[in-house]
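See structure below.
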């Protein structure tokens, strides 16, 4: 069963840009741009990876080197998921990983993929808090491929049973929306 990672990096970083004028995915985290770090973490899981990006800025596209890149004009998270799922229709399942979560562990990605063998929908949690990645098996393909705009995959999770995978990885609930969150302490 091939489960791959859709690394979503097509957002415009609106709140972050409003605070400091820069795109958050280009900000350095321990010496590497946030997107490059998230892509490295995804690759280190050993699972196939596809990155969903906007056409610009080109600097973001360079952060993922030779990755399978899916370029789309829309920035909505649901549109990103749909485009990614359609472009990787050969996979048997998908892990939705957000590029602004650079403290996630590769082991958590593997654990979430493993849980998809037993459950159609999986959501990683830390201390009872739901986070990412979120996993979907092939049975969810039609629903995922039909997502559009801001009708996020979270609605699919709300409508169906979801296995909550307890992890020891605080990275599943840590993202970066503002410059003050870059330290990873938040």
> How high is the relative contact order of the chain, in percent, counting Cα pairs under 8 Å that sit 6 or more residues apart?
Replying inline: 26 percent
>> Please give the Cα centre distance for segment 1-70 versus segment 87-143, rounded to the nearest Å.
In response: 17 Å
>> Using helices alone, I'd like the mean residue ellipticity at 222 nm for the chain: each DSSP H run of four-plus residues gives -39500 (n - 2.57), total over residue count, nearest 500.
In response: -8000 deg cm²/dmol
> Based on the mean of other beta carbon atoms within 10 Å per residue, what is the order of 89-100, 16-27, most packed first?
Replying inline: 89-100, 16-27
> Which peptide among 53-61, 131-139 comes first, and what is the full order, when sorted by highest mean count of other Cβ atoms within 10 Å?
Replying inline: 131-139, 53-61
> Counting only DSSP beta bridges with both residues in the chain, what percent are antiparallel, rounded to the nearest 5?
Replying inline: 35 percent
>> Under a crude label model (7 Å from the Cα following the beta-carbon direction), how far is residue 69 from residue 180 in nanometres?
In response: 3.4 nm
>> With angles folded into 0 to 90 degrees, how steeply does helix 77-87 sit against the dominant principal axis of the chain? Use alpha carbons for both and round to 10.
In response: 60 degrees
>> Between helix 106-115 and the chain, what is the angle of the helix's C-alpha long axis to the longest principal axis, kept within 0 to 90° and rounded to the nearest 10?
In response: 20 degrees
> Between 115, 142, 42, which gets the highest mean-square fluctuation from a Gaussian network model of the chain, Cα cutoff 10 Å?
Replying inline: 142
>> Could you check the spin-label model distance between residue 44 and residue 2? Points 7 Å from the Cα along Cα→Cβ, value in nm.
In response: 2.5 nm
>> Angle check, please: helix 34-44 long axis (alpha carbons) against the longest principal axis of the chain (alpha carbons), in degrees 0 to 90, nearest 10.
In response: 40 degrees
> Just the Cα atoms of the chain: what Rg and Dmax do they give in Å?
Replying inline: 15.1, 44
> By how many nm would the segment from residue 155 to residue 170 lengthen if fully extended, with 0.36 nm per residue of separation less the alpha-carbon distance?
Replying inline: 3.0 nm
>> Could you give the length gained by full extension between residue 62 and residue 114, i.e. 0.36 nm per residue of separation minus their alpha carbon distance, to one decimal place?
In response: 15.7 nm
> Tell me, 8, 47 in order of fewest to most beta-carbon neighbours within 10 Å?
Replying inline: 47, 8
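Rule-based calculations on the coordinates, nothing more; no lab input. Quick caveat, the model's predicted, so the values are computed rather than measured. Don't worry about glycine lacking a Cβ; one is built from the backbone with ideal geometry, like all the others, and counts go over all protein chains shown.
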